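Asker: Take this structure, written in structure tokens, and hold onto it; I'll ask about it next.
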Amino acid sequence: MIHRIDVRVVAPVRDTEVTDRVADAVRNLFPNADIESEPGRLVAEAHSMERFSERLHEQEILDTARKQFFARADADGFAFALKKQAAFEGVVNFAVGNPAELGDIEVEVTVHDPDVEAFVDHVAPPTEDGNPVRPE
């Protein structure tokens, strides 16, 4: 199935941070993102979440990801926040509660095709006894 999505990633860059390291944090999870520097932040655009999905599977956090995706979902897409330091290490760590001191990476996904639920099922399939199950 072909997925048409737009992923917008916004990462704050504090005065104490090296911009290239923040860019590396974004690229570790979204390697094909086009990143632009703006005052105080990086803004990236991508059209794939394949690497992100691979990390969710490797870390075995599919149920957590689904919960985070659906918590901020609507008919057009979904959003979530990530811890910047973890992303720098190539690890997915969802940001919940108070933002980190250096700020969290905000990700907004607009799903054009198929629909939001089907795309979430592709990126983070439901699980049964901890194992991914694909919808029939």
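Asker: Can you tell which of G90, G97 is assigned to a loop (DSSP other than H, G, I, E, B), more than 20 Å from R8 (Cβ to Cβ) and without any contact (Cβ under 8 Å) to a residue 24 or more places away in the chain?
Answerer: Values: G90 fails: without any contact (Cβ under 8 Å) to a residue 24 or more places away in the chain.
Every option except G97 fails the conditions.
Asker: Next up: Given the conditions (1) aliphatic (A, V, I, L, M); (2) closer than 23 Å to P125 by Cβ; (3) touching a residue at least 24 places away in the same chain (Cβ under 8 Å), and given that V10 satisfies all but one, which numbered condition is not satisfied?
Answerer: Unmet condition: (2).
Asker: How about the range 1-67: which strands (runs of 3 or more DSSP E) wholly inside it have at least 3 residues that are more than 13 Å from the chain's Cα centre (by Cα) and farther than 13 Å from E106 by Cα?
Answerer: Details: elements: 4-12, 34-38, 41-46.
In the range 1-67, the matching strands (runs of 3 or more DSSP E) lie at 34-38.
Asker: Out of the range 43-84, which residues are open to solvent by 10 Å² or more (accessible area, probe 1.4 Å), over 20 Å from N131 (Cβ atoms), touching a helix residue (DSSP H, G or I) at 6+ places or on another chain (Cβ under 7 Å) and not hydrophobic (A, V, I, L, M, F, W, C)?
Answerer: R51, K84
Asker: Would you check which residues across the range 118-131 are surrounded by 15 or more Cβ atoms within 10 Å (Cβ to Cβ) and either farther than 27 Å from V43 by Cβ or among the hydrophobic types (A, V, I, L, M, F, W, C) (or both) and list them?
Answerer: Answer for the range 118-131, where residues must be surrounded by 15 or more Cβ atoms within 10 Å (Cβ to Cβ) and either farther than 27 Å from V43 by Cβ or among the hydrophobic types (A, V, I, L, M, F, W, C) (or both): F119, V120, D121, V123, A124, P125.
Asker: Something else about it: Out of the residues in the range 1-19 meeting the condition of being open to solvent by 80 Å² or more (accessible area, probe 1.4 Å) and among the β-branched types (V, I, T), tell me which one is farthest from A95 (Cα to Cα).
Answerer: Step by step, filter the range 1-19, then rank; the result is I2.
Asker: Do you know which residues across the range 89-115 are buried (at least 18 other Cβ atoms within 10 Å of the Cβ), under 20 Å from I35 (Cβ atoms) and among the hydrophobic types (A, V, I, L, M, F, W, C)?
Answerer: V92, A95, I105, V107, V109
The values are calculated or read from the model by the stated rules, or taken from the named source; none is laboratory data. None of the values given here were measured: they were computed from a predicted structure. Ideal geometry is used to build each Cβ from the backbone, glycine not excepted, and the neighbour counts take in all protein chains shown. To get the accessible areas, we keep the full protein, side chains included, count just its heavy atoms, and leave off ligands, DNA and RNA. Shrake-Rupley method; radii C 1.70, N 1.55, O 1.52, S 1.80 Å.
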